[in-house]
1. I'd like to know if the range 84-96 contains one or more residues that are farther than 14 Å from LYS11 by Cβ and assigned by the TED database to the domain that holds LYS5.
2. Going by the structure shown, is VAL44 of a type in the set (A, V, I, L, M, F, W, C), modelled with pLDDT of 90 or more, not assigned by the TED database to the domain that holds GLN107 and not in a helix (DSSP H, G or I)?
3. Scan the range 61-109 for residues that are within 22 Å of ALA33 (Cα to Cα) and charged (D, E, K, R) and jot them down.
4. Out of the range 47-69, which residues are part of a helix (DSSP H, G or I) and farther than 19 Å from TYR26 by Cβ?
5. I'd like the residue in the range 90-112 that is open to solvent by 80 Å² or more (accessible area, probe 1.4 Å) and outside any helix (DSSP H, G or I) and, out of all such residues, is modelled with the lowest pLDDT.
6. Being outside any loop (DSSP other than H, G, I, E, B), touching a residue at least 12 places away in the same chain (Cβ under 8 Å) and open to solvent by less than 70 Å² (accessible area, probe 1.4 Å) is the filter here; which residues of the range 11-38 pass it?
7. In the range 71-89, what count of residues is obtained for those that are closer than 18 Å to GLN60 by Cβ and surrounded by 11 or more Cβ atoms within 10 Å (Cβ to Cβ)?
8. Return yes when GLN115 is open to solvent by 60 Å² or more (accessible area, probe 1.4 Å), free of Cβ contacts under 8 Å to residues at least 40 places away in the same chain and not in a loop (DSSP other than H, G, I, E, B) and no when it is not.
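The values are calculated or read from the model by the stated rules, or taken from the named source; none is laboratory data. Keep in mind that what you see is a predicted model, and the values were worked out from it rather than measured. Cβ: placed from backbone, ideal geometry, glycine included. Neighbour counts: every protein chain shown. Quick note on the areas: whole protein, heavy atoms, side chains included, nothing else; ligands and nucleic acids left out. Shrake-Rupley method; radii C 1.70, N 1.55, O 1.52, S 1.80 Å.
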Amino acid sequence: MATDKQPTVIKKYANRRLYHTGTSTYVTLEDLAGMVRKGEDFVVYDAKSGEEITRSVLAQIIFEQENKEGPNLLPVTVLRQLIRFYGDSMQALVPSYLEFSMNNLSQEQQKLREQMAQAFGPGAFQAMEEQVRKNMGFFTEAMRMFSPFPQAASANGEGKLAKGDKGEDVNDLDTLKRQMADMQAKLDKLASK
C-alpha cells in the first residue's frame, strides 16, 4: 500500500530486540506482523551497523507464521520450487511475477471472498446435506433390492409381521432364525448320509 507517510523505523539491537522509534517501545515479530496486516509500512535497520535488514525480518516473520499450529500458507511443494529458482536463469523473473500475482490477489481478495461465500455459504451446505440424504436413500433401497434375505420391511422402515407355518405372527428375526434352523437341519441330514 503506497502512502505519502514515511515508513516507521524499527531498530534491531544485538540482543535481537526490536525497537519501534515511532512509539518508543520494544515490539515483537508478532507486533510487526500485525502492522503488516494493517497496511502500516516500516523499515528495519540494524542498530549497530545501520544496515537495512527489512527483508530478513519479514522473512523471519513468515518463518514464524509458518511454524505456528494450523494451516500453512506455503505448501512444501511451493517452498521447494522457490529454492529451485535460486541460481536458475528464471530467478530474475520470479520476484516480479510473485509481486504481480500477489498484487492481483490482494485487489481481487474481496471479490474472491464474496464468491466463496456464495459458493460455500449456508445454502450450499444445506444442499449438500440434502444430496447426502438422497444418496443414502438410494443406497438403502439398492441394498434392500440385492439383499439375500426375504423382504420384510415396509417403506417406513418398520418390520412387517409374517405368518408362520401355524398361522402365528412372527417378525423378521424369528423368520431368519427359523430359516437358519431349517438350513442347519438340512446340513445335519446331508452330513449323516
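1. The answer is no; no qualifying residue exists.
2. yes
3. GLU64, GLU66, LYS68, GLU69, GLU99, GLU108
4. ARG55, ALA59, ILE62, PHE63, GLN65, GLU66
5. Result: GLU108.
6. Correct list: LYS12, LEU18, TYR19, HIS20, VAL27, LEU29, LEU32, ALA33, MET35.
7. The qualifying residues number 4.
8. Yes.
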